[in-house]
Structures are given as C-alpha cells and as structure tokens.
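What follows draws every value from the coordinates through simple rules; no lab data is involved. Just so we're clear, the structure is a prediction, and the values are computed from it rather than from any experiment. Don't worry about glycine lacking a Cβ; one is built from the backbone with ideal geometry, like all the others, and counts go over all protein chains shown.
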Amino acid sequence: MTGDARIVVGVDGSTNSLVAVDWALAEAGRLDARVVLCHVGRASGGRASGGLGGDGEDALSAAERMLARGVRYARGRAPNVEAIPEPRSGGPAQQLLAAASGAVLLVVGARGDGGFHGLRLGSVSAQVARHAHGTVVVVPNLGDRAGAERDPQIVVGVDGSPGSDDALAFAFAEAVRRKAGVRAVHVFDAATMQAMATLPQEDLYRLHVSAADTLRGLLRAHARAHPAVEVSRELLSGAPAATLAAASATAELLVLGSRGHGDIATLMLGSTSNTVLHNAQCPVAVVRGDPRSGRAHPRRRTVTRFAPKPSADIRG
C-alpha cells in the first residue's frame, strides 16, 4: 500500500528518462511513496519532445499522451507502486521544481533527447539540482555498465559544511533502507595540497591525523544513530568533482550537499557540477535542507574546517 509521500520524476520520452523512472519506482518501494511522472510541454514555439509545439492546450494534450504511456510503463514495472501523471507546460526546470514542491525527491535523467524545450535534460538536471529546495537525484543511463556488480555502499562527499551534514543524514538513511554501508570521502583540493606540500613531514602527518579525526567527528552522531550501518572514511586529494565521480564507479549512490565551502564549495556551480552530474557512474543525490521533509532548513553558519585556508599559516 502506497503512503502519502511523493517522488516526482521528469519524463521526456527518452530511454534515459525511463531509466530515471525505474530508479524512482525502486526508491518508492523503499519509501512507501507514490511516483508522479511529470512532463513539461512547450507552451508556444520552439522544439519540444515528440514534436510538441503550438499553443499551451496542444502541448498539454501531447504531454498527457506521453504520460499515459509512461504510466503504463511504470505500472508494468512496479504494479505495487502508485504512478500518477502530471502534465505541465512552461519552463522545464521551473515547472519540475513546482511539481516537486513538498515531494521527498525530484528525480531526473542525466541526459534526455532535447524534449525539454530544446534543452538536453542534462541542462535541466543541472538547473534543478542548483535551485531545488529539496533533494534531487540525477540518474545516468549506464548502458552496458548498468548490470555491473556494485558494492552495497553509499558514497558521500564531506567538507564540514551544513550542506554536507545534510548529505550525511540522507546517506545514512539510504544505507538503512538499502542495507548498505556508508563511505565518507573528504577531498583536499589543489590549493590546499599545494599549501600542505610546503610543510615538514611531521607537521603534514599531524595535519592528516587531525583531518581524519575531524571526519570521524562529523560522522559520529550519524553512526551512533544508525549502529547497523558499516562506515568507512577516506581522505583523498585532487579535483573534488573528478575524484568523487571516480569514487562512484562501484557505488549504489553518490550523495552531495548542495552548498559547501572549500573543497566542495563549487560542486553545484557551473562546469564543476557538469563534471559530477555527467561523469558519475551511479545516481547522484544532491541534498538540500532536511532530507526527511524535502524542505530547506534555515541557513546554519557553523562550519568545520579540515585544514586552514591556503592563505593562512598552515602550521598554526
């Protein structure tokens, strides 16, 4: 029996969006949620999926036909999950965000067929990940790699910001639902590594131990709340987006906070977001606010730093 929780998934008729539907259906089974299939047709002019165009009524009619096919697909794949169509017209990212108001998740494919007003769904996914008030999951179509063996593990990027604490809360909750472990990863960026390279070996060792202790401390409350979840911790160096994308190779899910500082500050901005969202080898959850409610929390200011800013005296 499906509960009141909703998962909204963007549908544009492409194979890639059906991969997103499959992921949403599986997650709905874990959350006892219903799935809302949303297609956005163009209200006037331009290119739209399946040749949609003309006035808003025509666009909505074509969207309804597409969604009827999508609902049949969803019910065939997961008969115990309630699937509901929601046709809309207008700006794709804006309408998807509106449809997802109050939903526990918004799910989109990493790429589409250009059906969202001539935009690749990848462009839309980056926009909704940047502007959503709740959690967005971007699902790649891995093709032949989809059946590759994966570790029962959730990888989560941690930088000490409130956003990464939200990501940890979401990652642990997912791990419980999936009976998976949590792999917490902190990435030292190039600027920090350059500053650390000037340190004597003894100071560098102490800084590494301190960073490991910081990571352990950030995980402590979550680990205590979920004692059955196996936890591993890693300190890595390199470009944060590329490093986390590489860490996703064998994971079930990669989880990121929507805003951070230092190493992961720009993960959801511009070209760096594209690196993660387009190169991750598993679905990526971008978490903002309380992951249990889908609503943003009042902005907190407490930040935990793993190392001094590169411009500071790193030896303290």
Next on the checklist: Can you give me the distance in nm between label points at ALA246 and ARG77, each placed 7 Å from the Cα along the Cα-to-Cβ direction?
Outcome noted: 3.2 nm
Item to check | Distance (nanometres) between label positions extended 7 Å along Cα→Cβ at GLN94 and ALA26 | outcome: 3.5 nm
Item to check | Diffusion coefficient, µm² s⁻¹, Stokes-Einstein with Kirkwood Rh over alpha-carbon pairs of region 127-249 at 25 °C and 0.890 mPa s | outcome: 152 µm²/s
Checklist entry - Taking the Cβ-Cβ separation of SER210 and THR15 as r and a Förster radius of 30 Å, what is the calculated FRET efficiency to the nearest 0.05? => result 0.05
Next on the checklist: At 7 Å along Cα-to-Cβ for each site, give me the label-to-label distance between ASP151 and GLU64 in nm.
Outcome noted: 5.0 nm
Checklist entry - What does the highest-first list of 93-105, 149-161, 226-238 look like by mean Cβ count within 10 Å? => result 149-161, 93-105, 226-238
Next on the checklist: Suppose the chain between SER237 and ARG177 were pulled fully straight at 0.36 nm per residue; how much longer would it get relative to their current alpha carbon spacing?
Outcome noted: 18.6 nm
